[in-house]
Each structure stands twice: as C-alpha cells, then as structure tokens.
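To start, the structure under review is shown below, and the notes come after it.
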Amino acid sequence: MVTSQWRSRGYLPHWEAGEIAQSITFRLADSLPSTVLEAWSEELKQLPDDKAAVERRIRIEGALDRGH
C-alpha cells in the first residue's frame, strides 16, 4: 500500500507518494513577450493590487496554456 502525502515548506507544495512516477513542468522567464506583460500591467492598474495580481496570473497561465 502506497501512502501519499501533501506537505509544504511555506512556498511550493510537495506531493510524496513513494515509487509513483512524477513529472515537473516549468516555463522559462521569457515564455511571454515583455510587451504583452507590460500591456496587461497597464490594463490592470485600475484594479486593487490583490485583484490585479489574480487577474494577471489568470492571463499569464491562459496564454501559456494556449501556447502563446
């Protein structure tokens, strides 16, 4: 029987499940053009900081998921 466990050291969550194969996906810092990120920052200036941060992350992840 394999016991899986989630744990965190305060930043990234970790999942340990013994001998189960895992993979990691990462993206490089320049995966999106800086002009796109700057345009989004300009558009989101009108929102409160916390809401702007969430919307920015949604836009970034959506663009990356679409392969842009």
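Anything in segment 50-61 that is without any contact (Cβ under 8 Å) to a residue 24 or more places away in the chain, under 10 Å from the mean Cα position of the chain (by Cα) and either surrounded by 11 or more Cβ atoms within 10 Å (Cβ to Cβ) or farther than 16 Å from A29 by Cα (or both)? List them, or say none.
Within segment 50-61, I58, E61 qualify.
With respect to D30, determine if the residue is modelled with pLDDT of 75 or more and within 13 Å of the chain's Cα centre (by Cα).
In short, no.
Quick one: would you say E42 is open to solvent by 100 Å² or more (accessible area, probe 1.4 Å), assigned to a helix (DSSP H, G or I), charged (D, E, K, R) and more than 30 Å from Q5 (Cα to Cα)?
Against the criterion (open to solvent by 100 Å² or more (accessible area, probe 1.4 Å), assigned to a helix (DSSP H, G or I), charged (D, E, K, R) and more than 30 Å from Q5 (Cα to Cα)), E42 qualifies.
The values are calculated or read from the model by the stated rules, or taken from the named source; none is laboratory data. Note that this is a predicted model, so its numbers are computed, not measured. Don't worry about glycine lacking a Cβ; one is built from the backbone with ideal geometry, like all the others, and counts go over all protein chains shown. With ligands, DNA and RNA removed, areas are computed over all heavy atoms of the protein, side chains included. Shrake-Rupley method; radii C 1.70, N 1.55, O 1.52, S 1.80 Å.
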